[in-house]
Every structure is written in structure tokens, then in C-alpha cells.
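The values are calculated or read from the model by the stated rules, or taken from the named source; none is laboratory data. The shown structure was predicted, so the numbers you read here are calculated from the model rather than taken from an experiment. Cβ atoms come from the backbone with ideal geometry, glycine included; neighbour counts cover every protein chain shown. Note: areas computed on protein heavy atoms with side chains; ligands, DNA, RNA excluded. Shrake-Rupley method; radii C 1.70, N 1.55, O 1.52, S 1.80 Å.
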Amino acid sequence: MARMKFLCDTERCIECNGCVTACKNEHEVPWGIQRRRVVTINDGVVGQEKSMSVACMHCSDAPCMAVCPVDVFYRTEDGVVLHDKDACIGCGYCFYACPFGAPQFPQTGTFGQRGKMDKCTFCAGGPEADGSDAEFEKYGKNRLAEGKLPMCAEMCSTKALLGGDGTALADIFRERVVRRGGSGAEMIGWNTAYGSGEQKRQQTRGGDK
Amino acid sequence: MCAHLIVTLRAVLLAAALGLGWMAAPAVAAPPDNNADVYRAVREGTAQSITFTAPADRMLIQSEGQTWRQWRNGPITQIGGWMLAGVFVALVLFRLVRGKIMLEGPPTGRLIQRFSTVERMTHWTVALSFVLLAITGLTLLFGKHVVIPLIGYSAFSWIAALGKNVHNFVGPLFFASTLVMVALFARDNVWQAIDALWIRKAGGLLSGEHVPSWRFNFGEKTWFWIGVVILGLLVGITGLVLDFPGNGQIRQDMQLAHIIHTSGALIFIALSLGHIYIGSVGMEGSLESMKTGYVDETWAREHHEYWYREAKGGSGAAPVAPGSARPSTAH
Amino acid sequence: MNTTRTALLIGAAMALAACGEAPQVTNYKAGTYSGKPDTRPWESAAYGGDKALWESDMRARARKQTEIGRMPPG
Ligand code: HEM
Ligand code: SF4
Ligand code: SF4
């Protein structure tokens, strides 16, 4: 059973923004919305400058899901957090709650008119029939249904951004860290996204798989 | 909106947040590793560089979102829900114990004007917009627990979308009419010496005794200052912060505004239940006064004796109540 | 009395609102589906419901993201 996650290796990310562009292109994301962004930490500080690509992390105990007044979110067996745009009222609560700033809106929000929330779908579309035009228009391509992983990760030139089953990603990452002598061992964002929820579950359910 | 206002507002909200016991994110011990500074910067939510202007700000991880979620989904929903239920039960008990407050004397048939047309129109604008805002706001907060289990989320989303739009467009009307109301009613709501008697006798609410007062008694004054003025402006201003994003307020400001807005609104609604009860089904004749602007002389004499005497051309200050403080001449 | 009955109904709804308060935690439990009707990725035309095939494909694809093992050792 896969548990889909994203992992960005800050030792490798070169801030090329290829993932951002690939995502916009693959899904024909609406104007003004960028489902993924690259943040450079300590820009210009020698030896401390690191970049990281971030989008929706598909959290285990997802704050967006918890606060949505209309309950539009759902989660697949593989841990992907999806939402039903038809029911979204554009209140912006998911944006307040999300640690990663993932939910975005096509309108400016005067009088609370934000339009339907848009965020990364892990290339898994939405409730509409897989691969249908309706699904594409609202959520973009459904690559998971074609047996492919998210576009951003699959095309990352340095393979800094990884997407897929969390265990597989952690294995790859561990091999790398060992090879490079232990540097850059943190999985930034993982504790925020997957920490509390899955740890809590393991405590309460005795660590079932 | 000018940036200055935003900065001041942010400072005010921040001060309020400290009062609320806003929690800082728990510190995590830095891992022994050469990137310690990088991760510290991320954890502290420091603004970083970004190539494209992303709609979200430059913060990589904002831990405040989780705090906001815990406040809203936790104490605000739970305590708020129980508080509203509790106030309702209290009113039902009051009704059972005390019954409807009736006129004691027979109506004279002679009417005195209590509210001008402008006053009544302002009152009903505030009242109608308040009720709409309360219903739609509560729908957003409790709909997930009460309505979705009954009709499902797709059907509920229609109600919620309608409610949200009503809320967001009626909100500014409520705010504007509240300002007018404060201007109109403030003068007659200042403290007057006779109010001390009302406090001592708890308004005669349980004993049924009539405590004299000027135009507004201390109960009405409390509702005016705590409800209309303080809560009305607090809920109104934070509502405007939420309603018009993109004027300089960032996510954290909006979380704070939301917490204050919703807590204030719930207290406001709880108080309003008492006001609505006594102004409608709880007391004979009070609804008439705001509907028509006129009250019967008997009602005026029983409920607002000084005001009644003054309206009849006297000085108003007849020493009726035993041991009462000397009536003020401030009027 | 009509108004009283309405008031009672509103009150009952509010009381229910407080009682119906469910802990809003959305813990992910491995392999469980929570929420809305949607087709699973392996129910697509490409997989026709073969979940095992889909899963092994995803695993293989995830492993392709590392160059270690594809490079000569060194
Ligand atoms: C100037 C007046 C007001 C404005 C501009 C305003 C605006 C807002 C906005 C923008 C929200 C966020 C949700 C959304 O986008 O729909 C909100 C939520 C809310 N408001 Fe207001 N509001 C106002 C007055 C009131 C009043 C008078 C009440 C109560 C009597 C109230 C009760 C609530 C409640 C309960 C929520 C829901 C909070 C939640 O779901 O967590 N508001 N308001
Ligand atoms: S990253 Fe944000 S939008 Fe994505 S699941 Fe977590 S809280 Fe929700
Ligand atoms: S903006 Fe839409 S998805 Fe986000 S919390 Fe509001 S209704 Fe839910």
C-alpha cells in the first residue's frame, strides 16, 4: 500500500523553477495560480543558501480538511488529499490553516469573492471521471490513473524533488545522505505534514500498516 | 485602506492575541548538522526569497495555521455552542419562573412617542442585518456538525455559498448602521445616578418590582455599551478585515481577526438572545414601541418612570423609590 | 404559541449543535479511503481495476527517481 508523499532534497535543488513551470503546463493551471513554488532560504548567505520546492504536501492530519466548513476535502487510500471544487464556497479557511500556503484562489477576495480553491492534486485529478474533460478543466491531468507520478517530480532535472510512496522516497533519500557523508539529512516539512497524524495513529493503533 | 491603519490594526490585534494566550510553536532541538541555520530559519517562518511572486507569501512553513485551527475547531466551536445552548435554556427557565412580564395597570389608550422614525429605521436595519449575519455565520461554524449529517455536503454547499455571500455583503451594512445607531443612542445611554438602584434591585427582573429609570434603564445601557458599542465595533472591524483581503493584511492577521470576530460574534449572539426575548415575547408592549414608535402611558410609567414624567412636562425627578439616589439632572 | 415554538426549535437546533460536536481530527489511516465518491486510480482505462499492477508500477516508477544503482559504483 503506497502512501504518497513529496520530498525535496535541499542539497540538490538549484532553484530552476522547472517544477513550477511543468506543473503549470501539465495542468493548464489558471492565470495567477501557481500550485508549486520554489523558496530560497538564506538567499546570498554563503554555505547556507538552500532552495526548496513546495506545494500541497498531502498531510496526514490535514488542517485544510479539518477547517473546511463545507467538508469538500477527501483523501484516497494512498493518502492524497483531494477536493471537490463544485462544493467549495471560497471562504479561504483552508488557506488560513495550511502550513505550506498551498490553497490558492483565482480571485482577489473583495467581499470574500475568491472563487473556487485550487491546489496541487498530486496529479490525481478530482471527483469527476478519470481523464475526463471536466476533470481536466477543474483539476488538471490525472497522471496517477495513467500509472505515472506527479509531473513536477518526474521531470526534476537534479532529482531534488521526489514524489511517490513515502517509504520508497525515504529509502532513496537515505542512500543519498549516506553517500554524501550525512549532510542535509532533514526532510524539511515532513514532520509538519506527516508527523503528528501518523505518529498519533501509531500510538493509538499500535503501529498498524 | 491606508497602510497606516493596517499597521495600527495589526498592533491592536497582536495585543489582543497576547491576551488570548496565543501559543508560540514549540521549539524543536536543532539536529547536529551543518544546515542548522537553514532549518531554524524555516521553523521560525522567516521570509525567504522567491523567483516568481507567489500568491502565498515567502514563508515556507507557517505554524500559526495549526494554532488557528485548534482555536476555531476547539474552544470556539465547543464553548461557543454550549454557551448558546445554555443561554437558551436559561431564557426558557426564566420564562417558566417569571412568565411574560405584563402591564400591571390598565392601558390608558394615551400614547407617548418613544422612538423617532430615524431611530426606528436604524434599529431595524441593525437588527435585521444582525440576524442575517448571525444565522449565516453560525451556518459556517456549525453547519458541518448539524446540517451536513442531515443533507450531505453537496446540498449544504448551496446553503453555505448563499450564506457566505449574504454574510459578506450584509456585513458592511451592519457596520455602517451600527455607527449611526451609536451616534443616535449614545446620549441617553450615559450613566445616570438612578441606575445604581436598578443594579441594587437586579432590575426587578425576578421580584417583578418596577424600578424607575430615565429613557433607558441599566439593563438596556449594558446591552448598548457591551453589545452594540464594544462587540458591534469589534466584530464589525474584524469582519471588515476578513471581508476585504489584499489591503495589507497577511494570513496571520486574518487568523487573528477571525478568532476575535467569531468569539465576539458568539458572545454577541448570546447577549442578543436576552435582548430579543425581552423585546418581543418576554414583555408586553415593548415590541410595539419599536414597531410604531409609541408606547402607552401605563407602559412608560411602569418601565421608565422618570422619562415618563419628563415627557409629560415634569422635571422627571419625583422621589418615588425608597432610598434611591438623587436623580441626576444630566438629561 | 407560535413564536415560542419557533424559539424552542431554534434552541433545540443550537443544543444539538453543541452536542454533535465531533473531534475534528483527520488522521490518515493507511489504506483507508475517507470521503467523496471518486474512481480509484487503478479503476482507470489503463489499469481496468488491477490494483496490484498499479501498485507495482507506482513502486517501480518511484524507484526510477534515483540514479544510484544506475551509475557505475564509485
Ligand atoms: C461588519 C460586519 C461583518 C462583516 C464584514 C463580517 C464578515 C465576515 C467574514 C468575511 C467572515 C469569514 C467567512 C466568510 O468569508 O464567509 C465571517 C465569519 C463569521 N461571522 Fe461575520 N461579519 C460581520 C458581522 C458579523 C456579526 C454581527 C456576526 C454575529 C452576529 C457575525 C458572525 C460570524 C460568524 C459566526 C462567522 C463564522 C466563523 C467560522 O465559521 O468560523 N459576523 N464574517
Ligand atoms: S499541505 Fe495544505 S492543502 Fe495540502 S493537505 Fe496539508 S493543509 Fe491541506
Ligand atoms: S475555500 Fe473551499 S475548500 Fe477551502 S475551506 Fe473554504 S470551502 Fe473548503
Amide H contacts under 5 Å for A:Gly90, restricted to residues at least 5 apart in sequence or on another chain and with H modeled in the peptide plane, are A:Met117
Could you list which residues have their amide H under 5 Å from that of B:Met283, counting only those 5 or more apart in sequence or on another chain, with H placed in the peptide plane?
B:Ile101
At R0 = 35 Å the Cβ-Cβ FRET efficiency linking B:Thr108 and B:Leu233, nearest 0.05, sits at 0.30
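Accessible area lost on pairing A with B, both sides, 1.4 Å probe, Å² to nearest 100?
Working: alone 10990 and 18950 Å², together 25340 Å².
Buried: approximately 4600 Å² between B and A.
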Compute the Cα gyration tensor for the stretch B:180-291, then decide on rounded, prolate or oblate, letting a ≥ b ≥ c be the square roots of its eigenvalues: rounded whenever a/c is under 1.5, prolate when a/b is larger than b/c in the other cases, and oblate in all that remain.
prolate
Per-residue HN-Hα couplings for the stretch B:205-218 [Karplus 6.51, -1.76, 1.60; θ = phi - 60°; Hz; x = Gly/Pro]:
5, 8, 6, x, 6, 8, 9, x, 7, 7, 4, 10, 8, 5
Rounded to the nearest 100 Å², what is the buried accessible area between C and B, both sides summed, probe 1.4 Å?
1500
Given only helices, namely DSSP H runs of n ≥ 4 each adding -39500 (n - 2.57), what is the per-residue ellipticity at 222 nm of chain A, to the nearest 500 deg cm²/dmol?
-7000 deg cm²/dmol
Under 28 Å from B:Lys221, Cα to Cα: lysines that are on another chain or at least 8 residues apart
B:Lys100, B:Lys201, B:Lys291, B:Lys312
Spin-label zone in the stretch A:25-61 - amide nitrogen under 16 Å from a point set 7 Å from the Cα of B:Asp37 along the C-beta vector
A:40-51
B:Ile199 versus A:Glu28, label points 7 Å from Cα toward the beta carbon: distance in nm?
6.9
In terms of the alpha carbon gyration tensor, root eigenvalues a ≥ b ≥ c, rounded if a/c is under 1.5 and otherwise prolate when a/b exceeds b/c or oblate, the stretch A:4-203 is prolate
Accessible area of the stretch A:4-203 belonging to carbon and sulfur atoms, whole % at 1.4 Å probe:
52
Give a residue-ordered list of calculated ³J(HN,Hα) values for the stretch A:19-29 (Karplus: 6.51 cos²θ - 1.76 cosθ + 1.60, θ = phi - 60°; whole Hz; x for Gly, Pro).
5, 4, 5, 4, 5, 4, 6, 4, 9, 6, 4
Based on the Cβ-Cβ distance from B:Asn165 to C:Ser56, what FRET efficiency comes out when R0 is 60 Å, to the nearest 0.05?
0.80
If you count, for every residue in B:140-153, the Cβ atoms of partner chains within 10 Å of its Cβ, what is the mean?
5
Please turn the phi angles of the stretch A:61-77 into ³J(HN,Hα) values with the Karplus equation 6.51 cos²θ - 1.76 cosθ + 1.60 (θ = phi - 60°), one per residue in order, whole Hz, x for glycine and proline.
10, 6, x, 4, 4, 5, 9, 4, x, 9, 6, 7, 7, 8, 9, 7, 3
Per-residue Cβ counts within 10 Å, from other chains only, averaged over B:263-271: what number is that?
0
Among all the aspartates and glutamates, which ones have a C-alpha under 15 Å from A:Lys138's C-alpha, if same-chain residues fewer than 8 places away are not counted?
A:Glu26, A:Glu28, A:Asp84, A:Asp86, A:Asp118, A:Glu128, A:Asp130, C:Asp38
Take the Cβ-Cβ distance between B:Arg98 and B:Asn247 as r, set R0 to 51 Å, and report the resulting FRET efficiency rounded to the nearest 0.05.
0.60
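How shielded is C:45-53 by partner chains, expressed as the average number of their Cβ atoms within 10 Å of its Cβ atoms?
Values: counts 4, 6, 4, 0, 0, 0, 2, 0, 1.
Mean shielding by partner chains, rounded to a whole number: 2.
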